[in-house]
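See below for the structure under consideration.
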Amino acid sequence: MGVLLDLIQRGGWVMYPILCCSLAALAIIMERIWSLRRAKVAPRNLIYSVNDLLAKRQYQEAAFLCQEGLTAAERLVRQALKMIGHSRLLFKDVMEETGRREAIFLGSHLELLGVIAAVSPLLGLLGTVSGMINAFGAVAQVGMGNPGLLAGGIGQALLTTAAGLVVAIPAMVINRLLLNRVEVLTGDLEDLAADLLESLAAPDTPILAAQKPQPVAPGR
């Protein structure tokens, strides 16, 4: 801890916003890792169970299974059960809108993480430029009789660049990994929505459409 405080003091005021960026990035990463677990988005056992119940036309059981709505998959199924028997076009529009809201939640805060990854090295560069100006200003006052003064000033100025890169590189890599995770989970939800569309939307044939099942109120 003492070494860290010493580096912050040596790096100057720019080290404080870099430190804030590092803490914000860490908080976002931990929160997204927790929120993007499959168990909290699209549990495979839930999807298998729902598909099995829908294949048997056990809609009330499917509604009971998803009544809590704790995961994105459960919320998608609950919405689909309310649309049983509606036209495929309307059903598809509702599923797309529901899926869009879930995708927005899955990707929340990742844009901010990308901004932190982009801004941190720029803050480090700003600190380096500011430190170089101060170093050359000191040399201008005392002359070149003490080269160590210039070397020490440059070394201190470069601390901020190093600090900015230390924050930016992991943030950028993890941000990309989390975006890939979002794409995978979104694909799973899209597959589930397609299965729900095929199972619950009214057929296009008018004669069969007249025999459509009634919507199910989840949790009842």
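Some points to look at:
- When the criteria are applied in full, residue 76 meets the requirement of being in a helix (DSSP H, G or I) and buried (at least 16 other Cβ atoms within 10 Å of the Cβ).
- Check on residue 104, closer than 28 Å to residue 169 by Cβ, surrounded by fewer than 16 Cβ atoms within 10 Å (Cβ to Cβ), free of Cβ contacts under 8 Å to residues at least 60 places away in the same chain and more than 29 Å from the chain's Cα centre (by Cα): no
- Members of the stretch 54-73 found to be in contact (Cβ under 8 Å) with a residue 12 or more places away in the chain, surrounded by fewer than 20 Cβ atoms within 10 Å (Cβ to Cβ) and touching an Asp or Glu at 6+ places or on another chain (Cβ under 9 Å), listed by number: 65, 67
- Considering the stretch 30-77, and only residues there that are of a type in the set (A, V, I, L, M, F, W, C), under 30 Å from residue 112 (Cβ atoms) and out of contact with any helix residue (DSSP H, G or I) (no Cβ under 8 Å at 6 or more places or on another chain), the residue that is modelled with the lowest pLDDT turns out to be 39.
- Test result for residue 48, under 30 Å from residue 193 (Cα atoms), aromatic (Phe, Trp, Tyr) and assigned to a helix (DSSP H, G or I): yes
- Residue-level check: of (1) free of Cβ contacts under 8 Å to residues at least 24 places away in the same chain; (2) under 30 Å from residue 8 (Cα atoms); (3) surrounded by 15 or more Cβ atoms within 10 Å (Cβ to Cβ), residue 136 misses just (3).
The values are calculated or read from the model by the stated rules, or taken from the named source; none is laboratory data. Everything quoted here is computed from the prediction, not taken from an experiment. Cβ coordinates were reconstructed from backbone atoms using ideal geometry, including for glycine residues, and neighbour counts include every protein chain displayed.
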